[in-house]
Amino acid sequence: MGRVTSGDTSKGKQLFNEKCASCHTLADAKSQGTIGPNLDDAFSSDKEQGFSEQTMADIVRGQIAYADPEGPMTPNLVRGADADSVALYVAKCSGNPNCGVTAATNAPPTTTTKGGGQTAAPDGKQIFTSNCASCHTLKAAGATGTVGPNLDAAKPAESKAETQVTNGGGVMPAFKGTLTPAEIKAVAKFVSSNAGK
């Protein structure tokens, strides 16, 4: 693994929010995941000792590439330039709850307005892809995460999926307060309708 020589911290923040935030705490991203290390804590002493952002980015990049395949983090969850961007973002913003980096683009809105001002239902698949795919396997979403249960094998009922997403459990964070009740219902319906198919 070579040095991180280029990257886009805005793109890195976007990717961190999509792929890493459900497992890691990073104040700037407003993430509170507890499955993986708290990245603010992990780099605070390094920053106090004067380590360069370059050194920290290289460490993060190595962790992305060489994560233990038996561990909760999937190796190469992001690759190439995307991994470099995430590494630079984490190096810059760890331990700084407002480091000034704006995500390149936010996830597409989960609701849309139909003609006549009606609001369409949230897109369960998009919500799953943005919030759940890094931890769960679900063929319908192209997800192959291994941290949480394989949803194709578990085939949870909609009510069970809704309760789990709302309240969390085990290593899974609660999404109540992060997702709206309508978004939780939409993702639960998507999972229960597509698991095992």
If you add up the charges near residue 101, with Lys and Arg at +1 and Asp and Glu at -1, over every other residue whose beta carbon is less than 11 angstrom from its beta carbon, what do you get?
+1
In deg cm²/dmol, rounded to 500, what helix-only [θ] at 222 nm does the chain give when every DSSP H run of at least 4 residues adds -39500 (n - 2.57) and the total is split over its residues?
-12500 deg cm²/dmol
Label-point separation in nm, residue 76 to residue 51, each point 7 Å along Cα→Cβ:
2.5
Provide Rg over Rh for segment 48-197; use the alpha carbon set for both Rg and the Kirkwood Rh (inverse mean inverse pair distance).
1.03
As a test of the definition: which semi-axes, in Å, follow for segment 40-86 when you take the square root of five times each eigenvalue of its alpha carbon gyration tensor? Largest first, please.
22, 13, 7
With labels modelled as points extended 7 Å from the Cα through the Cβ direction, what inter-label distance (nm, one decimal) is found for residue 160 paired with residue 102?
4.4
Return the single residue from 29, 182, 57 with maximal mean-square fluctuation; model: Gaussian network over the chain, springs between Cα atoms under 10 Å.
182
Given the options 163, 74, 178, state which has the largest fluctuation in a GNM of the chain using a 10 Å cut-off (strictly under) for Cα springs.
178
With the full set of protein chains in place, find how many percent of the accessible area of segment 112-197 is carbon and sulfur; take the probe as 1.4 Å.
55
So, in Å, what gap is there between the alpha-carbon centers of segment 153-197 and segment 15-69?
26
Per the chain, cysteines lacking a partner by the 4.7 Å Cβ criterion
20, 23, 132, 135
From highest to lowest solvent-accessible area (probe 1.4 Å; ligands, DNA and RNA excluded), 73, 172 read 73, 172
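May I ask you to give the solvent-accessible area per residue for the chain, in square angstrom, as obtained with a 1.4 angstrom probe? Provide the component values of the computation, followed by the final result.
On the way: 10310 Å² over 197 residues.
About 52 Å² of surface per residue is accessible.
The values are calculated or read from the model by the stated rules, or taken from the named source; none is laboratory data. These numbers come from a predicted model, not from an experiment. For neighbour counting, all protein chains shown are included, and Cβ atoms are generated from backbone atoms with ideal geometry for every residue, glycine included. What goes into the accessible areas is simple: the full protein's heavy atoms, side chains included, and nothing from ligands, DNA or RNA. Shrake-Rupley method; radii C 1.70, N 1.55, O 1.52, S 1.80 Å.
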